[in-house]
Amino acid sequence: MKKVVFFSLGILLFSTFLFAQVQIGGDVNYAEIEQDGTLEFHGDATVFDDLVIPLISGKSATNPPTFTLFMNNGSTSEGVYAYLFENVASNSENQVFFTIQMPHAWKTGSEIYPHIHWAPEDNGTGAVVWGMEYTWVEYNASTTQQFPQTTIVTGTSTSFSNSAHKHLITPFGAITPSSNQDDISSVLVVRLFRNSSNAADTYTGGAFGLSFDLHYERDTDGSRTEWVK
């Protein structure tokens, strides 16, 4: 009788192990390996990553920034170049355009955090205001979505001085996607510009745009299928 009980218990434990999902961590914050082998993060176990847009990949038909020398070796080297966004009058603000596609690892529906990496041209004093105009929509195979009217957000740097060629970051604040923006492979079409007509932009020198990126939250290593998270 005992052999039958132990055998039945062994079968039960083996079946539980075979078909169970593996959870590592606490009750709320944990990593989980699902039955199909997918790794998913829950709670505070999610991680953040960069979605990088090199600014030199951007295009502009009107009011482009100047592609100019950023740094050299202090002598006669060719040096390295970057876009310089000048402090110019209203309606002629330097700008570039690019697109962004949200990756499959994104925790769909979570906030994104756009920001720009940049450097002042000289040692002047002041602050720089950056602008981001965008339209954003997901792909829906059953109900195709139209891109909405654009939204403009701004980010103002802290005041600085004696900061020529120093690496600075200015955030635009968190953006929460709507129900028509919160799926993988959603696309943002973006205009990035120096909002030099804004009264808070008090730095008279040029601002080198180095890189634009989004911090986004990841809860998987990709999507379970090609089109579905």
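Per-residue answers, yes or no, for (1) assigned to a strand (DSSP E or B); (2) at pLDDT 75 or above; (3) of a type in the set (Val, Ile, Thr):
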site: Leu13; (1), (2), (3): no, no, no
site: Phe17; (1), (2), (3): no, no, no
site: Ser90; (1), (2), (3): no, yes, no
site: Thr99; (1), (2), (3): yes, yes, yes
site: Ser110; (1), (2), (3): no, yes, no
site: His117; (1), (2), (3): yes, yes, no
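When Ile169 is tested against (1) under 23 Å from Glu86 (Cβ atoms); (2) among the hydrophobic types (A, V, I, L, M, F, W, C); (3) surrounded by 15 or more Cβ atoms within 10 Å (Cβ to Cβ); (4) free of Cβ contacts under 8 Å to residues at least 60 places away in the same chain, exactly one condition is not met: (3). Against the conditions (1) in contact with a Pro (Cβ under 9 Å, 6 or more places away or on another chain); (2) surrounded by 19 or more Cβ atoms within 10 Å (Cβ to Cβ); (3) not hydroxyl-bearing (Ser, Thr, Tyr), Glu93 satisfies every one except (1).
The number of residues in segment 121-142 that are among the polar types (S, T, N, Q), open to solvent by less than 80 Å² (accessible area, probe 1.4 Å) and out of contact with any strand residue (DSSP E or B) (no Cβ under 8 Å at 6 or more places or on another chain) comes to 1.
Examine segment 177-185 for a residue that is modelled with pLDDT of 95 or more, closer than 26 Å to Tyr83 by Cβ and open to solvent by less than 50 Å² (accessible area, probe 1.4 Å), and state whether such a residue exists. There is no residue in segment 177-185 that is modelled with pLDDT of 95 or more, closer than 26 Å to Tyr83 by Cβ and open to solvent by less than 50 Å² (accessible area, probe 1.4 Å).
The values are calculated or read from the model by the stated rules, or taken from the named source; none is laboratory data. This structure is a prediction, so every number in the text was calculated from the model and none was measured. As a convention, Cβ positions derive from the backbone with ideal geometry for all residues, glycine included, and neighbour counts pool all protein chains shown. In case anyone asks, the SASA skips ligands and DNA or RNA and just uses the protein heavy atoms, side chains included. Shrake-Rupley method; radii C 1.70, N 1.55, O 1.52, S 1.80 Å.
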